[in-house]
Every structure is written in structure tokens, then in C-alpha cells.
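First the structure, in the form of C-alpha cells, and then the observations on it.
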Amino acid sequence: MATFIGFSTDKKKKPPFTLTDLDLVKQDLLNHFLTRKGERVMRPNFGSIIHDVLMEPFDNLTRQDVEDECREIVGNDPRVELLDVIVENQEHLLKVELYLQYNVDQSKDVLELRLEREFGDT
């Protein structure tokens, strides 16, 4: 039986929209990471700064900012524990791999974020 039950319409065209356990936790974390900090009405501290650093020069300071942000966001979710975070700078994207342990059954999984850098026309 599921411990956590929720829903998401992301990538689904028809019901059921139900998500449970680790799938729900991963979707909740994705929602947090893909929301810009300050974007949510009445919740100015919800979201992530990762979008703001996408166009910054990628150096050790930027890498550390992204890693710290990942630790903070995952650390605020009591359903999972962050085992490791790997941040890679690729040509047109920032790739973040979060190695998670689900606290209910101790299962492990990887949540991958691929954030593309948007370049305007010149």
C-alpha cells in the first residue's frame, strides 16, 4: 500500500493522474527545482535559484551555489535523503544528478535535472 499519494498531470494526457511514494516525491522535487524563487504567489521563498545561474560563467563558485541549493531543497523534504549531488556543465545545458534515498523503504534512485541555457538571436 502506498505511503504517500498525490497527483500530477505532467506528461499525462488522460487519467489516472495519481502518483505514489517515490514517484510523487521526485515530482514534488522537480516542481521545486523548476520554479524560480519568488515566482509563487504568497510563497516568495519557494523555488530555486538555479535558473538565475544558468547564464553565469560556470566556475567553482557557481557549482557550489548549485550544490548548496540542491542540498537545501532536498534537505527540506523529510521523505528523502540526499546521498550525493553531481553538477556537470555541458555545452548548452547544466546537468544535475541527485542521488536520493527514500526514507520509507530505504530504496535509492537518481533524479536528473537537465536545464538548457537559452540563447537569444543575435
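The values are calculated or read from the model by the stated rules, or taken from the named source; none is laboratory data. In this text the structure is predicted, and so the values were computed from the model without any measurement. Glycine also receives a Cβ, built like all others from the backbone with ideal geometry; neighbour counts cover every protein chain displayed. Accessible surface areas use protein heavy atoms only, side chains included; no ligands, DNA or RNA. Shrake-Rupley method; radii C 1.70, N 1.55, O 1.52, S 1.80 Å.
Among residues of segment 57-73 that are free of Cβ contacts under 8 Å to residues at least 24 places away in the same chain and on the phi < 0 side of the Ramachandran plot, those with a Cβ under 7 angstrom from a residue that is open to solvent by less than 50 Å² (accessible area, probe 1.4 Å) and not aliphatic (A, V, I, L, M), sequence gap 6+ or separate chain, pair up as GLU69/SER48. Restrict the check to segment 71-79 and report whether at least one residue is at pLDDT below 90, within 12 Å of the chain's Cα centre (by Cα) and β-branched (Val, Ile, Thr). No, segment 71-79 has no match at all. Of all residues in segment 98-107, those being at pLDDT 95 or above and open to solvent by 30 Å² or more (accessible area, probe 1.4 Å) number 1.
Assess whether PHE17 counts as being at pLDDT below 75, in contact with a Ser or Thr (Cβ under 9 Å, 6 or more places away or on another chain), over 17 Å from TYR102 (Cβ atoms) and open to solvent by 50 Å² or more (accessible area, probe 1.4 Å). Working first, answer last.
On the way: at pLDDT below 75: yes; in contact with a Ser or Thr (Cβ under 9 Å, 6 or more places away or on another chain): yes; over 17 Å from TYR102 (Cβ atoms): yes; open to solvent by 50 Å² or more (accessible area, probe 1.4 Å): yes.
Yes: the conditions hold for PHE17.
The number of residues in segment 74-104 being part of a loop (DSSP other than H, G, I, E, B) and either among the β-branched types (Val, Ile, Thr) or free of Cβ contacts under 8 Å to residues at least 60 places away in the same chain (or both) comes to 7.
Residues being assigned to a helix (DSSP H, G or I), touching a helix residue (DSSP H, G or I) at 6+ places or on another chain (Cβ under 7 Å) and open to solvent by less than 50 Å² (accessible area, probe 1.4 Å): count how many of those fall in segment 34-72.
Residues that pass the stated criteria total 5.
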